[in-house]
Every structure is written in C-alpha cells, then in structure tokens.
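Novice: The following block contains the structure, expressed as structure tokens.
Just so it is clear, none of the values below were taken in a lab; they were calculated from the coordinates. Predicted, not measured: the structure shown is a model, and the values here were computed from it. Cβ placement follows ideal geometry from the backbone for every residue including glycine, while neighbour counts extend to all protein chains displayed.
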C-alpha cells in the first residue's frame, strides 16, 4: 500500500511539473490576432492583421509592420489565472518585463498583458484608463 501511495505521489508530482511544458507545447507555432482591446478600446482590425506572434521553445517573436520584437516567456500554470512573464531581449521591449495572464487550448490562446509591467492582471479584461492589452489569438494551420 505504501508503495502505491508513493507511486501516486510521484505521478502527481510529475504531472504538475510537466504542466508548463504542456501549455508551452500548445503555444508553439505562429499565431494571428483574432480580436484585441487596448485600454478598453478595440484595436483596429487593419493593425491586428499585420501582427504575427511566433513562439519557439521559451522564445517569442512578434512582427508588426516589418518591425520585430523578441524575447523570452516564462509560464506559471500553477496559479489561477495562469501567469506569463515576458522579458524583451531585442526590439522596442528590450530590457522590459511585461506581466500577463493566459489561457491556452488547442488552436486558441487568450492573453491579457499589463503593458506597464507593474502587476499580473486579475482577469481577462481591458479597462479604460489602464495599460491592459487583451488579445485573442488563433494558431496558423501548417
């Protein structure tokens, strides 16, 4: 019986430790903006269509209008809502940390970024007078 309990605990610990890679695995690939709001205002569709997010491993690249922003992302799926810490290493966000929350499932990614970098958003809302950027992405099909 003790062996079974120990195995169950090991399996649970393994499942928990693999959660970030499960979410990260689902995030791999190129994403297009489905909808976006910045400070409670809809993001112009023509601008949204020109933005692509690519995630490879723990690295991201955003290309917008010919300009690129690159960095790393660190997931924490063990909190509710799940959090994402983004660190810019090249481009306009170089040296900046952006805190965000996320939800991911097959082919869909929702992220609420606090562009001020002050704190993780509490919910998936972009409110007037804030620097909250709420984005729903769809994954490009291969």
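Novice: Do you know which residues across the range 35-86 are over 16 Å from the mean Cα position of the chain (by Cα) and in a loop (DSSP other than H, G, I, E, B)?
Specialist: Within the range 35-86, 39, 40, 43, 44, 49, 50, 65, 66 meet the criteria.
Novice: A further question on this structure: Of all the residues that make up the range 20-41, how many are over 11 Å from residue 53 (Cβ atoms) and surrounded by fewer than 16 Cβ atoms within 10 Å (Cβ to Cβ)?
Specialist: So the answer is 9.
Novice: Further question on the same structure: Is it the case that some residue within the range 119-130 is farther than 24 Å from residue 21 by Cβ, outside any loop (DSSP other than H, G, I, E, B) and in contact with a strand residue (DSSP E or B) (Cβ under 7 Å, 6 or more places away or on another chain)?
Specialist: No, that holds for no residue.
Novice: Can you tell me which residues in the range 115-142 are exposed (fewer than 14 other Cβ atoms within 10 Å of the Cβ) and within 19 Å of residue 43 (Cα to Cα)?
Specialist: 116, 123, 125, 127, 128, 129, 138
Novice: Restricting to the range 90-114, and then to whatever is surrounded by 19 or more Cβ atoms within 10 Å (Cβ to Cβ) and touching a helix residue (DSSP H, G or I) at 6+ places or on another chain (Cβ under 7 Å), can you tell me which residue is nearest to residue 135 (Cα to Cα)?
Specialist: Per the criteria, the residue is 109.
Novice: Still on this model: In the range 71-89, how many residues are within 15 Å of residue 103 (Cβ to Cβ) and surrounded by 17 or more Cβ atoms within 10 Å (Cβ to Cβ)?
Specialist: Counting residues in the range 71-89 that are within 15 Å of residue 103 (Cβ to Cβ) and surrounded by 17 or more Cβ atoms within 10 Å (Cβ to Cβ) gives 7.
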